[in-house]
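Single-structure report; data block below.
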Amino acid sequence: MQARPEKPRLAWAVTGSGHYLKECLEIVRELDEVDLFYSRAGEEVVRMYGDDPKSLVPEGRIYRDRAASSPPVGLFYRGDYHTLVVAPATSNTVAKMVLGLSDTLVTNVYAQAGKCRIPSIILACDSEAEVDTPAPDRIVRLWPRKVDLEHTEKLKTFEATTVVENADQLFEALQSRLAELG
Ligand SMILES: Cc1cc2nc3c(=O)[nH]c(=O)nc-3n(C[C@H](O)[C@H](O)[C@H](O)COP(=O)(O)O)c2cc1C
């Protein structure tokens with residue numbers, strides 16, 4: 001396991017959503033003391049939109065979803081992280097979180113952050129009835145299903161969880177959390 005950082009850092013999980021991906025990566029690039037956790041789809045989708053998953057945080061650590069038991073969750077137990085951001089969060093990951101499932105690296109870090117009472121900020125990609133979203137080569141119009149929107153609403157009721165619905169809200173929630181930490 002990696003050496004413990006001098007002080008707790010920010011953990012940022014990226015899932016396989018094209019919606020808000022560019023905006024999230026813009027925020028990530030500006031941050032210090034951040035480590036990235038990719039879902040398998042997250043890593044693939046970042047590449048499809050033209051970025052290298054390994055080069056987004058030159059100073060930070062990168063954890064990929066390669067093991068069944070998600071060993072990096074141990075870093076949350078020992079206090080390496082003060083906050084978890086999951087942004088963007090796919091319909092799939094939000095649905096799993098709402099059901100309490102933890103069978104991927106990202107759903108696992110969310111579950112374990114919750115059990116350690118570490119606050120999470122989630123940018124759920126399904127928050128509006130109709131959205132124009134970037135595919136890698138064009139803009140497409142989508143209509144998130146009732147079940148997807150219901151999951152986003154349900155997640156808002158979870159303890160230690162702030163759900164945000166766009167990149168501006170994410171930026172504000174993150175700034176406010178970082179200010180609270182001093
Ligand atoms: C180019 C591309 C863009 C995608 N964008 C989205 C998206 O905006 N929202 C979403 O819920 N899923 C999106 N997906 C599908 C997810 O990547 C897929 O459901 C995946 O299984 C999610 O896994 P994860 O939640 O573990 O990251 C996209 C897939 C591709 C190939």
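For the range 17-31, give me each residue that is touching a strand residue (DSSP E or B) at 6+ places or on another chain (Cβ under 9 Å) and not hydroxyl-bearing (Ser, Thr, Tyr).
GLY18, HIS19, LEU21, LYS22, GLU23, CYS24, LEU25, ILE27, VAL28, LEU31
Going through the range 107-124 one residue at a time, which ones are within 13 Å of the ligand (Cβ to nearest atom) and within 21 Å of GLN169 (Cα to Cα)?
TYR110, ILE122, LEU123, ALA124
Condition (residue is among the aliphatic types (A, V, I, L, M) and within 12 Å of the ligand (Cβ to nearest atom)) applied to the range 125-138: is it met by at least one residue?
yes
Among the residues of the range 1-20, which ones are crowded, with 17+ Cβ neighbours inside 10 Å, farther than 19 Å from TYR110 by Cα and in contact with a helix residue (DSSP H, G or I) (Cβ under 7 Å, 6 or more places away or on another chain)?
Hits for the range 1-20 are GLY18, TYR20.
Working only within the range 21-32, note down all residues that are open to solvent by 60 Å² or more (accessible area, probe 1.4 Å) and either within 11 Å of the chain's Cα centre (by Cα) or at pLDDT 95 or above (or both).
LYS22, GLU23, GLU26, ARG29, GLU30
Tally time: how many residues in the range 21-58 are assigned to a loop (DSSP other than H, G, I, E, B), more than 24 Å from ASP103 (Cα to Cα) and within 12 Å of the ligand (Cβ to nearest atom)?
Of the residues in the range 21-58, 2 are assigned to a loop (DSSP other than H, G, I, E, B), more than 24 Å from ASP103 (Cα to Cα) and within 12 Å of the ligand (Cβ to nearest atom).
Identify the residue in the range 59-98 that is among the polar types (S, T, N, Q) and away from the ligand (no atom under 13 Å from the Cβ) and, among all such residues, is modelled with the highest pLDDT.
THR83
For the range 139-157, give me the residue count where each residue is surrounded by fewer than 15 Cβ atoms within 10 Å (Cβ to Cβ) and either of a type in the set (A, V, I, L, M) or within 11 Å of the ligand (Cβ to nearest atom) (or both).
4
Scan the range 61-76 and give yes if some residue there is in contact with a Phe, Trp or Tyr (Cβ under 9 Å, 6 or more places away or on another chain) and aromatic (Phe, Trp, Tyr), otherwise no.
Yes.
The values are calculated or read from the model by the stated rules, or taken from the named source; none is laboratory data. Remember, it's a predicted structure, so these values are computed and weren't measured experimentally. Cβ sites come from the backbone with ideal geometry, for glycine too, and all protein chains shown count toward neighbours. The protein model used for the area step is the full one, side chains on, heavy atoms only, and it has no ligands, DNA or RNA in it. Shrake-Rupley method; radii C 1.70, N 1.55, O 1.52, S 1.80 Å.
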